[in-house]
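Encoded as structure tokens, the structure appears first; notes follow it.
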Amino acid sequence: MGYLFGVPSSLAFSVLPVVITLCCVFNCRVPRTRKEIEARYLQRKAAKMYTDKLETVPPLNELTEIPGEGKKKKKKDSVDTVAIKVEEDEKNEAKKKKEGK
């Protein structure tokens, strides 16, 4: 039985493909130069600053006022069903007919 780096060769050659596959799947690349290390650090720092700023921004509906939103305020205590919507449409049609006469 042969040895590779103090480990039986059969074990070394069975673990090696697993390590290579994991490195390819998870993009485990060790930066080689100081420039690459600094660039990665700046990229992570910028991403963290962006996510921190994004957490402080309120939702869009709190930032802007939607035109006509105040006119159609409904109580959200109950859920509108199709029957309720049909009744509202019939009432609206009846009002239009009375106004038209």
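Every number here is computed from the coordinates shown, using simple stated rules; none is lab data. Not measured: the values here are computed from a predicted model. Note: ideal-geometry Cβ built from the backbone for every residue, glycine included; neighbour counts use all protein chains shown.
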Separation in nanometres of the label points that stand 7 Å from Cα toward Cβ, at Met49 and Phe13 | 5.2 nm
Once you put a point 7 Å from the Cα of Val30 and another 7 Å from the Cα of Asn61, both along the Cβ direction, what distance in nm separates them?
-> 5.2 nm
